[in-house]
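Take a look at the structure below.
The values are calculated or read from the model by the stated rules, or taken from the named source; none is laboratory data. Quick caveat: nothing in here was measured; it's all calculated off a predicted structure. Cβ placement follows ideal geometry from the backbone for every residue including glycine, while neighbour counts extend to all protein chains displayed. SASA here: full protein model, heavy atoms, side chains in, ligands and nucleic acids out. Shrake-Rupley method; radii C 1.70, N 1.55, O 1.52, S 1.80 Å.
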Amino acid sequence: MRKALRGILSLAVLIGTVSATGASAGAATAAEPASLRTAASDSGTSTDIKDRILAIPGMSLIEEKPSPSSQLRSSRGDPTPDYRYFVLNYTQPIDHRDPSKGTFQQRITLLHKDTSRPTVFFTSGYNVSTNPSRSEPTRIVDGNQVSLEYRFFTPSRPSPADWSKLDIWQAASDQHRVFTALKRIYSKNWLTTGGSKGGMTATYYERFYPKDMDGVVAYVAPNDVVNNEDSAYDRFFAKVGTKECRDKLGGVQREALVRRGPLEKKYAQYAADNGYTFDTVGSLDKAYEAVVMDYVWAFWQYSLLADCDSLPADAKKATDQEIWDSVDSISGFSAYADQGLATYTPYYYQAGTQLGSPDIKQPWLGKLSRYGYQPPRNFVPRSIPMTFQPRAMRDVDTWVKHHATHMLYVYGENDPWGSERFRLGAGARDSYVFTVPGGNHGSNVAGLVPSDNATATAAILRWAGVAPAAVQQDESKAKPLAKFDARLDNKDLTTDHRLGVRRP
């Protein structure tokens, strides 16, 4: 949902986070009690990678799963796994500034290839998937992959939950501790990556701990610097795609509001059949309109221009069922029910306190909307206090412009989230921003035009320390070091948390 980023740290928090690039970044780790600190060095007494990982203080095993490709190798008579896959818990302080306030268990997954290979630190910014998969950079560098569940997404949530400890610096400090613990085993180069909110997360980590990673690959990462200025989104929706497609989308959206009466009766039955309630948003009417208001945004976020052919050709002549089906398939009528919102409470909390969220006008709707684009506060239980911090995103944006080094951003031309994006300034070094023509929120390096693809791939290989000599001499020869594996690479990690509602 559009509730994507609002942010900023309070002045006191900002002072602490700014210094995290220097003294306080180290202090966050140094101040931890002995029970949380990682071992000073790997003992080398065990040759099994699982034993080495579990020797890290605070690390525990949830389960080890066979990777899909290793299962295939085994079925063909090859007993040597190409990957091992672990689902782990790691003990983290609730407050990295004051570890005495207690700890919580944070889920991690590890796709292990070899300690002699580089490692990619993947974050979605949401829950972590416990099924083996590779992000694009992991395939490019043929490396290991560590994936982290964002704090406060269950089950990685402290109990009781002090929501004031859910901010971008605390989350970056989670990553820093995981990296510090595993770097002793995975000593080669590290890259951090993620799509959408994960790309934002990778950026914030680099801003607060710029000495940890050797490179950043951020996909479709929004950057809402001034939360109350959203005209870039309005300009985007006025020109995206074709007029024919925009008119078809707007027509369905208008009809969904014109026919609010009969369609809300259908919605009430749908909610009753599925046990949905609307206490958080306040009413079925508000939830219904929120879904409809997301329709155009959600289409461009997840669909391509060619998908316009599947829309009702003439919304005014469409049946109520056809309007319902189109809105449900694109926006999802479960999105704003309490049951749909609960998983994403941490996101909406961050959108309403630091990340910011877009507010688009949608003039084609005239006066049909009763509530406008509803803010994140409407999607978080009132028992959780929220205060917006208007300096957090400005701080990150300024840092990227002046200090970005080894940072790569990929956006989609037709993705609304790219309307407000990260941009490089005069202080950036060996960093890039590329756009996939016609791309949506799943845009990646593979979708770039050949010249940009080569430049991006060569940079990723170079930062990971595995660029072949031929690539070092001619970046046009750059290509992923690992072959495509449909069992590991068929998942879109930039939108793993979806669907339907507009969340980055």
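Its Cα gyration tensor gives the range 229-291 an equivalent ellipsoid; the semi-axes, largest first and in whole Å, are 29, 16, 9.
Note on the range 359-413: Cα-Cα pairs beyond 18 Å make up 66% of the total pair count. If the segment from THR387 to LYS316 were pulled out straight at 0.36 nm per residue, it would be longer than the present Cα-Cα gap by 21.3 nm. Computed from the C-beta positions of ASP51 and ASN131, the FRET efficiency with R₀ = 30 Å rounds to 0.80. When Rg and the Kirkwood radius Rh are both evaluated on Cα atoms of the range 214-260, their ratio Rg/Rh stands at 1.17. Eigen-decomposition of the gyration tensor built on the alpha-carbon atoms of the range 355-447 gives equivalent ellipsoid semi-axes of 30, 21, 12 angstrom, largest listed first.
With all pairs of different C-alpha atoms in the average, the Kirkwood value for the hydrodynamic radius of the range 240-350 is 14.5 Å. Computed over protein heavy atoms with a 1.4 Å probe, the accessible surface of the range 284-372 works out to 37 Å² per residue. Each helix, a run of at least 4 DSSP H residues, gives -39500 (n - 2.57); summed and divided by the residues of the chain, these come to -10500 deg cm²/dmol at 222 nm.
3J(HN,Hα) along the range 305-311, derived from phi through the Karplus expression 6.51 cos²θ - 1.76 cosθ + 1.60 where θ = phi - 60°, amounts to 4, 4, 6, 4, 5, 8, 7 Hz, with x in place of Gly and Pro. Its residue count N sets the reference 2.2 N^0.38 Å, and the alpha-carbon radius of gyration of the range 82-229 equals 1.01 times that reference. From most to least packed by mean Cβ count within 10 Å, the peptides 322-333, 135-146, 259-270, 443-454 give 135-146, 322-333, 443-454, 259-270. A Förster radius of 25 Å, combined with the Cβ-Cβ distance separating LYS367 from ASP234, puts the computed FRET efficiency at roughly 0.90.
When the accessible area of the chain is split by element with a 1.4 Å probe, what percent falls to carbon and sulfur? Answer for the chain: carbon and sulfur cover 51 percent of the accessible area. Computed on the chain, the Cα convex hull volume stands at 156 Å³ per residue. Estimated translational diffusion coefficient (Stokes-Einstein, Kirkwood radius over Cα pairs, 20 °C, 1.002 mPa s) of the range 75-161: 149 µm² per second. Overall dimensions of the range 117-173, expressed as equivalent-ellipsoid semi-axes from the Cα gyration tensor (√(5λ), whole Å, largest first), are 27, 12, 7. When Rg and the Kirkwood Rh are both derived from Cα coordinates, the Rg/Rh ratio for the range 172-280 amounts to 1.20.
Expressed to the nearest 5 percent, the antiparallel share of DSSP beta bridges inside the chain is 50 percent. Heavy-atom accessible area for MET293, with the other protein chains in place and a 1.4 Å probe, reaches approximately 10 Å². Counting 0.36 nm for each residue step from ARG429 to ASP338 and taking away their Cα separation leaves a gain of 28.2 nm. With a Förster radius of 30 Å applied to the C-beta separation of ARG184 and ARG487, the computed FRET efficiency comes to 0.50. Given q = 0.10, 0.22 Å⁻¹, what are the Debye log10 I(q)/I(0) values for the range 299-393, with equal point scatterers placed on the Cα positions and solvent ignored? Taking Cα atoms of the range 299-393 as identical point scatterers yields -0.39, -1.27.
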